[in-house]
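Below is one structure, written out as structure tokens, with a few remarks after it.
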Amino acid sequence: GERYNPRESEPKWQKTWDDAKSFVTANDDPRECYYVLEMFPYPSGRIHMGHVRNYSMGDVVARYHRARGKNVLHPMGWDAFGLPAENAAIERKTHPGSWTYQNIEAMKAQLKSMGLSIDWTREIATCSPDYYQHQQSMFIDMLEAGLVTRKSSKVNWDPVDMTVLANEQVIDGKGWRSGAPVEQRELTQWFFKISDFAEDLLEALDTLTEWPEKVRTMQRNWIGKSEGLRLLFEIEPSDKTDATSIEVFTTRPDTIFGASFVGLSPDHPLTTALAASNPALADFVVECHRHGTATETLEKAEKQGFDTGLRVKHPVIAGATLPVYVANFILMDYGTGAIFGCPAHDQRDLDLARKYGLSVKPVVLPPGADAASFEIGNEAYVDAGNIFNSDFLDGLSIEDAKKKIAEYFGARTVDGKSQGQVEVNYRLRDWGISRQRYWGCPIPVIHCEVCGTIPVPKKDLPVKLPEDVTFDKPGNALDHHPTWKRVHCHQCGSPARRETDTMDTFVDSSWYFARFTAPHADTPTVPAVANRWLPVDQYIGGVEHAILHLLYSRFFTRAMKATGHVDLSEPFKGLFTQGMVTHETYKSAAGEWVNPTEILIEATGDTRTAKHLKTGAPISIGSVEKMSKSKKNVVDPDEIVATYGADTARWFMLSDSPPERDVQWTEAGVEGASRFQQRVWRLVNEAIELRDRTAEATASDEKEALGLRRIIHRSVHGVGQDIEGLRFNRAVAQIYELTNALTKALQGQTGTATRAAILEGAEKLTVLLSPMMPHLAESCWEVLGKAGLVADARWPEVDGAMLVDDTVTLPVQVNGKRRAEITVAKGTPAPEVEALVLSLDEIVRILEGKAPKKVVVVPDRIVNVVV
Ligand code: ANZ
Ligand code: ZN
């Protein structure tokens, strides 16, 4: 027969699905709903293999659940605001919008060539006013509900992109996009009050049982709940200040006997007051501000301190005092902005103590250590142990000591206040959403000289981005626009200024999953519709979004609930984070990376060598790395689709490793997938030819047919289970097995019953394949003469009887000693078993031609031969 030609067949089936509106989903379909979503892409210009993997998985899930008779929602859109569009606009002198929409067109064509079962009628782009007007309207609702605030705060300033960055966007002290060292600035910013939900966001993690534990842990750590004590230290009288006490926050009050200093944040009010009359301290504070505010940055920076000269009373050691330092690693917006340092048991404190010669006194003794000789080197001891060197706390565990010391301080007073108060703290900060950029959703407020800062009336939404902007100056093009920001107040008519900050693009992606449920509605959501579809049953994406995007979406869901847009506690019921796509790397003799398409690999035995295709120059084969432009080890999905077809690419992506792990893209792998495609095609065609020939009568026909049908039903069952468990590689492996069994059966002598089984198998195989290789499956369906599209076919029913194992293995004993075993059909009667046992080589040898005294058969259990 003819070879299968994906280049012809794939576009044909894509058009058929389009014309038939096969994947358009109705909101009023009464069947059970299933919502599967892959994280929507940023329209950077081209899809990459990571997308191919992500969308292949999502498509398998979507097509499978359709086949199970569910009303499946599987939409796609574009996370279309953001800096790269502005940068491209600067470089190419185009508008960010035209760059973005061109990219969307190109990428959409690429996605379509993959044959994804997407409802394109629901497509959204977050940069469209049709989308962002609803975001603005919800912003106003949230503002009115007290979920938004405007406050002045220290921010991370990216001096290259000229914008504020969230802490999460600062990586190793550098801007995540620009790579420039981040500075600190004080700016008035808009915030979502995510910290109001800290406890709920933390607790509800326990309900997300279909999320990877790893992701839940990351979120838990990010929220960073800690239970501690606010503790007052009395300041020794000094002419430097009138203040009489310093309040610190500690989670380790059990280490109080090891305290060797008190530390203040550079932004602590006491620091500011002291710096006013201390130029050296003022300089130190300025120096601290030259670094970002991100915790990560502070953790990595060298620990620096400044001795203020103040001293405080040691709260538990009579007559002792402690110096007060300002230290660069103390944040003002956590706890009280002041700490007590216990160098023996905190690394940052230890670094500081070593640098400034402060005392290091251990008070927690590691299990098994000797109290007399235990010493701290350059590593703080932060693990469990019993308290020592600590007077009335000696011998207690850390937990017990914490309780005891909390009670102790609770009963004392400083400045007329309780000296110690138990307090819970969260590391989670409010979400600063202001960005000083053009290509984002405008924040819908105005600043009126008379009325102050007030929201734009909803009837005036959207606040649209002006089209006529220039990017010749750095900074915010909205700010530079000659007229856009000048307005008259809708309340009093006075001159007013539009807010020129736009929203962080993470806002856009915090609710798009809800918008997909009613993408053309003139309200942000249609609550009844959203409530029916949500939560998303299966969300699939990269683990790089484990914290930010997912946490923001969880917050937004709560905010939308509070403002009546959904009635939902969590947005994503199931979460799956897929691994990356990797590839070998190649380097020229000159040390330059070389793309896989430019080289030729030769293998002799186990050794592989590479040379340049054109020049023949030797190329060295390097390690396997995540595909990245910088290492040039990328393959282009378009080329793969053009060469092998989309089905082959999809199949290989799903087949080669567990979906949560990395998958290595190899030429041999895709070729294997491509060969498999042809095998299936041949198999189905041969099965059909077989039907038209006269059957041979074979003795074992019925038995063979039954064996085959068992394999078929097991595959149907197993593949379904594996897809539901997102074990795509195992589903693939089962399909391989089924294909092998059918191919083998075809090659043998086939009687009528076996032929029927082969045909049944070919048909079911086609359905099982259809989520992964949907185009090939349609072509097979056609050859098999089935009505309609396999895309609309139901998942085959499983005959439960076929799943039950029908054989048993019986141990065979001779005089009570195990000598052999025998496998027979379940329920085989005793005389038959006896005959079979007596013909076993092993038993024949033992009997030496004599007859046994007795043979005892316990059917389905055991056989005992007595000689
Ligand atoms: C004394 C102490 C002794 C501490 C010890 C730790 C170990 P978590 O658990 O993450 O909440 N701290 C408090 N406020 C701070 C701030 N604004 N900036 C930087 N560090 C701050 O961390 C709480 C601990 O971090 C607190 O407990 C405090 O140091 C420090 F052996 O107090 B600890
Ligand atoms: Zn006004």
Requested in this report: Could you please let me know if Val24 is touching a helix residue (DSSP H, G or I) at 6+ places or on another chain (Cβ under 7 Å) and open to solvent by less than 10 Å² (accessible area, probe 1.4 Å)?
Outcome: no
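Ala344 - would you say it is modelled with pLDDT of 95 or more, within 30 Å of Ala180 (Cα to Cα), more than 35 Å from the chain's Cα centre (by Cα) and not polar (S, T, N, Q)?
Considered against the rule, which asks whether it is modelled with pLDDT of 95 or more, within 30 Å of Ala180 (Cα to Cα), more than 35 Å from the chain's Cα centre (by Cα) and not polar (S, T, N, Q), Ala344 comes out as no.
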Query raised in the report: Can you name every residue in segment 313-367 that is open to solvent by less than 50 Å² (accessible area, probe 1.4 Å), more than 13 Å from ligand 1 (Cβ to nearest atom) and hydroxyl-bearing (Ser, Thr, Tyr)?
Result: Thr321
Report summary line: Here, strands (runs of 3 or more DSSP E) confined to segment 410-485 with at least 1 residues that are in contact (Cβ under 8 Å) with a residue 60 or more places away in the chain and open to solvent by 30 Å² or more (accessible area, probe 1.4 Å) are 420-426, 452-455
Requested in this report: Taking the residues in segment 495-507 that are open to solvent by 20 Å² or more (accessible area, probe 1.4 Å) and out of contact with any Gly (no Cβ under 7 Å at 6 or more places or on another chain) as candidates, determine which candidate is farthest from ligand 1 (Cβ to nearest atom).
Outcome: Pro495
Report task. Report, by residue number, each residue of segment 570-596 that is in contact (Cβ under 8 Å) with a residue 60 or more places away in the chain and in contact with a Pro (Cβ under 9 Å, 6 or more places away or on another chain). Result -> Glu570, Phe572, Lys573, Gly574, Leu575, Phe576, Thr577, Gln578, Gly579, His583, Glu584
Query raised in the report: Taking segment 370-403, which residues are open to solvent by 70 Å² or more (accessible area, probe 1.4 Å), free of Cβ contacts under 8 Å to residues at least 24 places away in the same chain and more than 15 Å from ligand 1 (Cβ to nearest atom)?
Result: Asp370, Ala372, Ser373, Glu375, Asp394, Asp400, Lys403
Query raised in the report: Applying the selection to segment 469-490, what residues are of a type in the set (A, V, I, L, M) and away from ligand 2 (no atom under 16 Å from the Cβ)?
Result: Val469, Ala477, Leu478
Requested in this report: Of the conditions (1) buried (at least 16 other Cβ atoms within 10 Å of the Cβ); (2) closer than 24 Å to Trp795 by Cα; (3) of a type outside the set (Phe, Trp, Tyr), Thr698 clears all except one; give me its number.
Outcome: (2)
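Provide a single number: the residues in segment 356-381 that are β-branched (Val, Ile, Thr), in contact with a Phe, Trp or Tyr (Cβ under 9 Å, 6 or more places away or on another chain) and under 21 Å from Gly305 (Cβ atoms).
The total comes to 0.
Okay, residues lined up against (1) in contact with a helix residue (DSSP H, G or I) (Cβ under 7 Å, 6 or more places away or on another chain); (2) part of a helix (DSSP H, G or I):
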| position | (1), (2) |
| --- | --- |
| Ser98 | no, yes |
| Tyr101 | no, yes |
| Ala106 | no, yes |
| Ala109 | no, yes |
| Lys112 | yes, yes |
| Leu116 | yes, no |
| Cys127 | yes, no |
| Gln133 | no, yes |
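Given Trp781, Trp795, which one is within 34 Å of the chain's Cα centre (by Cα) and either in contact (Cβ under 8 Å) with a residue 12 or more places away in the chain or open to solvent by 50 Å² or more (accessible area, probe 1.4 Å) (or both)?
The match here is Trp795.
The values are calculated or read from the model by the stated rules, or taken from the named source; none is laboratory data. This one's a predicted model, so the numbers in the text were calculated from it and none came from an experiment. Methodologically, a virtual Cβ is constructed for each residue, glycine included, from the backbone with ideal geometry; neighbour enumeration extends over all protein chains shown. In case anyone asks, the SASA skips ligands and DNA or RNA and just uses the protein heavy atoms, side chains included. Shrake-Rupley method; radii C 1.70, N 1.55, O 1.52, S 1.80 Å.
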